[in-house]
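Working notes, beginning with the structure itself.
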């Protein structure tokens with residue numbers, strides 16, 4: 001998996017009748033690096049304007065168009081051949097969404113072999129999540145001299161919260177207030193949050209006969225254990 005993520009709009013409907021997915025103005029083969037960056041950044045949710053939180057979180061959902069933009073950007077950066085680009089994209093679409101791509105018709109199809117007509121056919125959703133500690137590194141303790149003696153003036157410990165089991169602290173919520181836990185959280189390097197941690201978080205969307213996205217317009221990532229809950233909003237209108 002690669003570090004980056006963002007999005008461009010394409011229609012999920014129409015593939016069942018054999019119509020090619022149409023993008024707003026360009027086909028993926030015509031995207032340049034700027035197109036890919038715009039696509040990716042349009043889906044990112046964050047709390048960077050929350051002055052009350054010492055923890056800053058950026059999360060990028062790996063929507064189908066984000067996966068395409070990520071793969072296309074890798075092709076441009078690494079000068080991949082067309083077969084290498086297609087394999088990179090196919091692997092990432094399968095791993096992050098449980099989807100497959102028909103390069104002939106330019107349509108996605110689900111794990112059951114049906115052309116993708118709506119988001120309720122998507123089995124899973126991967127997020128790239130970066131968690132930063134805004135207060136690290138903090139000011140070091142210092143001393144001052146008064147009447148010829150040296151005294152401590154400040155010795156405040158840095159806020160470096162314990163990361164613990166992140167699978168029990170990161171959730172996805174829908175408009176029905178249903179919560180789902182991640183299938184996995186991968187990439188944690190330290191046991192305490194100092195400067196930054198970058199994680200891949202995978203959520204299952206379908207279980208039994210119920211789909212988590214059914215009847216909801218937004219999904220919300222809830223992150224606990226850093227003071228007040230951190231809540232990021234992802235409008236499903238961008239899930240294209």
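The values are calculated or read from the model by the stated rules, or taken from the named source; none is laboratory data. Note that the structure is a prediction, hence the values are computed from the model and not measured. Methodologically, a virtual Cβ is constructed for each residue, glycine included, from the backbone with ideal geometry; neighbour enumeration extends over all protein chains shown.
Taken over segment 87-110, the criterion of being over 20 Å from residue 172 (Cβ atoms) and assigned to a loop (DSSP other than H, G, I, E, B) is satisfied by 103, 104, 105, 106.
Rundown of residues vs (1) out of contact with any strand residue (DSSP E or B) (no Cβ under 6 Å at 6 or more places or on another chain); (2) closer than 20 Å to residue 99 by Cβ; (3) free of Cβ contacts under 8 Å to residues at least 60 places away in the same chain, yes/no style:
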position	(1), (2), (3)
180	no, yes, yes
183	no, yes, yes
187	no, no, yes
193	no, no, no
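Using the structure shown, decide if residue 143 is surrounded by fewer than 17 Cβ atoms within 10 Å (Cβ to Cβ), part of a loop (DSSP other than H, G, I, E, B), touching a strand residue (DSSP E or B) at 6+ places or on another chain (Cβ under 7 Å) and modelled with pLDDT under 95. So residue 143 fails the test. Here segment 164-191 is the region considered, the condition is being closer than 18 Å to residue 230 by Cα and at pLDDT below 90, and the residue that is surrounded by the fewest Cβ atoms within 10 Å (Cβ to Cβ) is 165.
Residues in segment 75-97 that are within 20 Å of residue 186 (Cβ to Cβ) and either surrounded by 19 or more Cβ atoms within 10 Å (Cβ to Cβ) or touching a helix residue (DSSP H, G or I) at 6+ places or on another chain (Cβ under 7 Å) (or both): 88, 92, 93, 96, 97. Against the test of being under 15 Å from the mean Cα position of the chain (by Cα) and either at pLDDT below 90 or under 30 Å from residue 240 (Cα atoms) (or both), the options 213, 154, 125 yield a single qualifying residue, 125. Considering (1) within 22 Å of residue 206 (Cβ to Cβ); (2) surrounded by fewer than 19 Cβ atoms within 10 Å (Cβ to Cβ); (3) more than 21 Å from the chain's Cα centre (by Cα); (4) modelled with pLDDT under 90, say which one residue 102 fails and leave the rest. Result: residue 102 passes all but (4). The residue of segment 105-121 that is modelled with the lowest pLDDT, among those that are touching a strand residue (DSSP E or B) at 6+ places or on another chain (Cβ under 8 Å) and under 15 Å from residue 206 (Cβ atoms), is 111. One residue stands out in segment 37-58 among those that are assigned to a strand (DSSP E or B) and touching a strand residue (DSSP E or B) at 6+ places or on another chain (Cβ under 6 Å): the one that is farthest from residue 225 (Cα to Cα), namely 45.
Listed here are the residues, each with its yes/no results for (1) touching a residue at least 60 places away in the same chain (Cβ under 8 Å); (2) out of contact with any helix residue (DSSP H, G or I) (no Cβ under 6 Å at 6 or more places or on another chain); (3) closer than 17 Å to residue 127 by Cα.
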{"position": "173", "(1), (2), (3)": "no, yes, yes"}
{"position": "197", "(1), (2), (3)": "yes, yes, yes"}
{"position": "204", "(1), (2), (3)": "yes, yes, yes"}
{"position": "207", "(1), (2), (3)": "no, yes, no"}
{"position": "233", "(1), (2), (3)": "yes, yes, yes"}
{"position": "236", "(1), (2), (3)": "yes, yes, yes"}
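Residue-wise test of (1) more than 29 Å from residue 213 (Cα to Cα); (2) part of a strand (DSSP E or B); (3) in contact with a strand residue (DSSP E or B) (Cβ under 7 Å, 6 or more places away or on another chain).
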residue	(1), (2), (3)
35	no, no, no
60	no, yes, yes
77	yes, no, no
83	yes, no, no
